[in-house]
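> Sharing a structure below in structure tokens format, with a few things to ask.
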Amino acid sequence: MIKETASDKPESFGQYIAIHMKAFRRESGLSQEQLSERSGIPRSTIASLERGEGNPTLQVLVGISQGLGVEMAALLKKPVPTAVLHKNKDAARVPKQLIEGNEKIAKFIEVLQLTPETSRYLILQEYTLQEGERFPGAPHTPGTEEYFFCMKGSFEIMVESELFTVEEGDLLCFDGHQRHAYACRAGYPSSKGLSIVVQVPKF
């Protein structure tokens, strides 16, 4: 509900109040003049508070909260961002060892770990393989679901003993606890895919 931008990062209760007042007022579709009429607080005071200026009295805070239809505490709490942007350039690079047949070879690729370490139930990884490259996926706990979306090129994905051809725009779904491996199909210089793993919550 409340968005925090670089210029809005609060340093005082005055700035907390300013951020919340503007957000609640806009969500309610109220102008400063309308909020003034509903709260009994002069418009000039409202404008000043929304700039983060002034030191409102208890009476003013009560009037503002009543005019907005919110608890007074909602105006004073520290704003929490509702969304966090994770830049691709900051994604972790996870080395994955390639295989030939069933044997590991001395060659690695980097997989982009798109979800942060704090993500408990969802793992997003971006794979880019060159023609002929192949690596095994790690089986997950029973109940885990895995989805693989081919973004470019074409993959051959082995799930247990069944081979699937996943072409650009295709989505493969399977139980993540099964053995599986990914390969870039012959005839494609490179292929890019997105692995989406939904893990079972642990209670």
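> Checking Leu163 against (1) exposed (fewer than 14 other Cβ atoms within 10 Å of the Cβ); (2) touching a residue at least 24 places away in the same chain (Cβ under 8 Å): exactly one of these is not met. Which one?
(2)
> Here's a follow-up. Where in region 103-203 are there strands (runs of 3 or more DSSP E), lying fully within it, with 2 or more residues that are of a type in the set (Lys, Arg) and either at pLDDT 95 or above or under 22 Å from Arg93 (Cβ atoms) (or both)?
Details: elements: 103-113, 122-130, 134-137, 145-152, 154-159, 162-167, 171-175, 180-184, 190-198.
It comes to 103-113.
> Pick out the one residue from Tyr127, Tyr121 that is in contact with a Gly (Cβ under 6 Å, 6 or more places away or on another chain) and either among the aromatic types (Phe, Trp, Tyr) or on the phi > 0 side of the Ramachandran plot (or both). Working first, answer last.
Values: Tyr121 fails: in contact with a Gly (Cβ under 6 Å, 6 or more places away or on another chain).
None of the others qualify; the one that does is Tyr127.
> A follow-up question, please. Report, by residue number, each residue of region 70-99 that is in a loop (DSSP other than H, G, I, E, B), closer than 16 Å to Ile19 by Cα and without any contact (Cβ under 8 Å) to a residue 60 or more places away in the chain.
Answer for region 70-99, where residues must be in a loop (DSSP other than H, G, I, E, B), closer than 16 Å to Ile19 by Cα and without any contact (Cβ under 8 Å) to a residue 60 or more places away in the chain: Val70, Glu71, Met72.
The values are calculated or read from the model by the stated rules, or taken from the named source; none is laboratory data. Keep in mind it's a predicted model, so treat the numbers as computed, not measured. Heads up, the Cβs are rebuilt from the backbone with ideal geometry, glycines too, and the neighbour counts pull from every protein chain shown.
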